[in-house]
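First the structure, in the form of structure tokens, and then the observations on it.
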Amino acid sequence: MRSALSRPPRITMATTFYPPYNFGGDGMGIQRLSAALARRGFDVTVVHDADAYLTLAKAPPAPVDFGDGVKIVSLKSPLGAWSNLATHQTGRPVTHAQELRTLLSKPHTDIAWLHNVSLVGGPGLMRFGDAVKIYEAHEHWLVCPTHVLWRNNEERCDARACLSCVLSYRRPPQVWRYTGMIERCGREIDAFIAKSAFSRDKHREFGFPFDMQVVPYFLPDEPSAAVNPAPAHDKPFFLFVGRLEKIKGVQDVLPAFQGEDGPDFVVIGDGEYAATLRAQAQGLPRVKFLGRKPPEALSPYYRDAIALITPSLCYETFGIVLIEAFRKGLPVIARRLGPFPEIIETSQAGLLFDDGAELRAAMTTLSGDDALRARMRTQALANFQKHWSEAAVMRRYLDVVASAARKRGETVLADALWEREAA
């Protein structure tokens, strides 16, 4: 039976960063989600703050046309970075308040889906509009002014010391964080989403008072492509893919590749810590830095590597690169930290380590046990489809949003959402 909603449900995403105006994986995750919703017949608009990216990047990005049917609203102000600073300091949208209020209200939208709103509107954005409201926490911004729970830019945070911490990052303190503003504004949200059970629990540990549903990232189905038989690298190798920052922990992996004998370590990515890592790798001939590569160029490396090594030192909310590896049937060696243990347990396609000795032992195990590696490849592929494919995760998303709509009394909208989940 068809619902009484005579048009496609309307969704407005609000986020600070959105590709190509983005730096990390959260922006790509939002783009994939928006495109998946559009493919399912939703009317999707994304509103993002271009000034936030331009202030940090100092130059506009190369244009990208995803061709996914998603409408984009790029907010720009004559005030530039001052507009973002006003939001950062007040916790409210300032320059674009009226436009945002319209975009997040009926009849323009049925669902206001907030993501990283730190510079596009702050917690005050949670109060805008009368649509069903979803908040998806891609980072730990709800409980951490630096977003990453990395205290004083040098260690994992296990207790609040926010004032000294933000000063160590050379950022101005946010007085509104001491006023209960997030708690007051959060009452307007119908459902909060965390990206992992670990992230949900970490929010709770740091005092976040609202329940959170867990919905992981997903990767879309890949189109069939011609097989490139050329090897990605001329020797057996382990692989790292990601931003080269201190918190990503590559410096802890380098000592495992001393000497000239054994597999190489291929590092793909770039970042502010790249020069330091290259200096540390002097005299390590098995470490190969390849720089940044486009996503479409990564497939041969995922195909041919012994395993992906993920040594992050900080509390990630998820780990998209792990499921990128699983989609290609590649096992993972990950630090026993944050969401990685739950992802490895679910996948049955990896090993965990705490220190250099355990890392080297895991590398030796996977290098020398062809049968184990083959079993992990099979498990990686099967469990990717079961847990992190687009079809699997979109069912979870739509169930969360439909339940929030029904709880709010929006039964017609809830029925329309469940119809698309079943389709």
Is region 123-136 home to any residue that is under 30 Å from ARG336 (Cα atoms) and modelled with pLDDT of 95 or more? yes
Considering each residue of region 391-414, count those that are closer than 14 Å to PRO220 by Cα, in contact with an Asp or Glu (Cβ under 9 Å, 6 or more places away or on another chain) and either of a type in the set (Ser, Thr, Tyr) or surrounded by fewer than 18 Cβ atoms within 10 Å (Cβ to Cβ) (or both), and give that number. 2
From the residues in region 218-266 that are free of Cβ contacts under 8 Å to residues at least 24 places away in the same chain and of a type in the set (A, V, I, L, M, F, W, C), which one is surrounded by the most Cβ atoms within 10 Å (Cβ to Cβ)? VAL227
For region 51-65, give me each residue that is in contact with a Pro (Cβ under 8 Å, 6 or more places away or on another chain) and within 23 Å of LEU33 (Cα to Cα). TYR53, PRO61, ALA62, PRO63, VAL64
If I filter region 59-79 for residues that are in contact with a strand residue (DSSP E or B) (Cβ under 7 Å, 6 or more places away or on another chain), surrounded by fewer than 17 Cβ atoms within 10 Å (Cβ to Cβ) and at pLDDT below 95, do I get at least one hit? yes
Options ARG373, ARG286: the member that is within 16 Å of PHE265 (Cβ to Cβ), among the basic types (Lys, Arg), modelled with pLDDT of 95 or more and surrounded by 17 or more Cβ atoms within 10 Å (Cβ to Cβ): ARG286
For region 65-73, indicate whether the set of residues that are among the acidic types (Asp, Glu) and under 25 Å from the mean Cα position of the chain (by Cα) is non-empty. yes
SER199 vs. criteria buried (at least 20 other Cβ atoms within 10 Å of the Cβ) and outside any strand (DSSP E or B): yes
Candidate set: region 181-196, residues that are assigned to a loop (DSSP other than H, G, I, E, B) and of a type outside the set (A, V, I, L, M, F, W, C); chosen: the one surrounded by the most Cβ atoms within 10 Å (Cβ to Cβ): LYS195
Do you know which of the residues in region 97-138 that are surrounded by 21 or more Cβ atoms within 10 Å (Cβ to Cβ) and of a type in the set (Asp, Glu) is nearest to VAL214 (Cα to Cα)? GLU136
Among the candidates ALA62, ALA38, residue that is over 25 Å from ALA404 (Cα atoms), hydrophobic (A, V, I, L, M, F, W, C) and outside the structural domain of VAL241 (by TED's automatic domain parsing): ALA62
Criterion first (loosely packed, with under 13 Cβ neighbours inside 10 Å, over 18 Å from the mean Cα position of the chain (by Cα) and modelled with pLDDT under 95) does GLU154 satisfy it? yes
Any residue in region 387-412 that is assigned to a helix (DSSP H, G or I) sitting within a Cβ distance under 6 Å of a residue that is of a type in the set (S, T, N, Q)? List the pairs, counting only those 6 or more apart or interchain. HIS387/THR346; VAL400/GLN213; VAL412/SER3
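Being over 16 Å from TYR301 (Cα atoms), touching a residue at least 12 places away in the same chain (Cβ under 8 Å), touching a Pro at 6+ places or on another chain (Cβ under 6 Å) and not aromatic (Phe, Trp, Tyr), is that true of even one residue in region 196-217? Reasoning before the result, please.
Here is the first cut: in region 196-217, the ones over 16 Å from TYR301 (Cα atoms) are 196-217.
Then keep just the ones that are touching a residue at least 12 places away in the same chain (Cβ under 8 Å); that gives 196-200, 202-203, 206-217.
This time we only want the ones that are touching a Pro at 6+ places or on another chain (Cβ under 6 Å), so: 196, 198.
Next, only the ones that are not aromatic (Phe, Trp, Tyr) stay: 196.
Within region 196-217 (the criterion being over 16 Å from TYR301 (Cα atoms), touching a residue at least 12 places away in the same chain (Cβ under 8 Å), touching a Pro at 6+ places or on another chain (Cβ under 6 Å) and not aromatic (Phe, Trp, Tyr)), the answer is yes, since at least one residue qualifies.
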Restricting attention to region 326-360, which residues are of a type in the set (A, V, I, L, M), out of contact with any Ser or Thr (no Cβ under 9 Å at 6 or more places or on another chain) and surrounded by 15 or more Cβ atoms within 10 Å (Cβ to Cβ)? LEU330, ILE344, LEU352, LEU359
Checking the condition of a type outside the set (Gly, Ala, Ser) and either in contact with a Lys or Arg (Cβ under 7 Å, 6 or more places away or on another chain) or farther than 19 Å from GLN31 by Cα (or both), which residue from LEU56, LEU119, LEU104 passes? LEU56
Could you count how many residues in region 346-364 are in a helix (DSSP H, G or I) and farther than 12 Å from PRO331 by Cα? 8
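The values are calculated or read from the model by the stated rules, or taken from the named source; none is laboratory data. In this text, all values refer to a predicted model and were calculated from it rather than measured experimentally. Cβ: placed from backbone, ideal geometry, glycine included. Neighbour counts: every protein chain shown.
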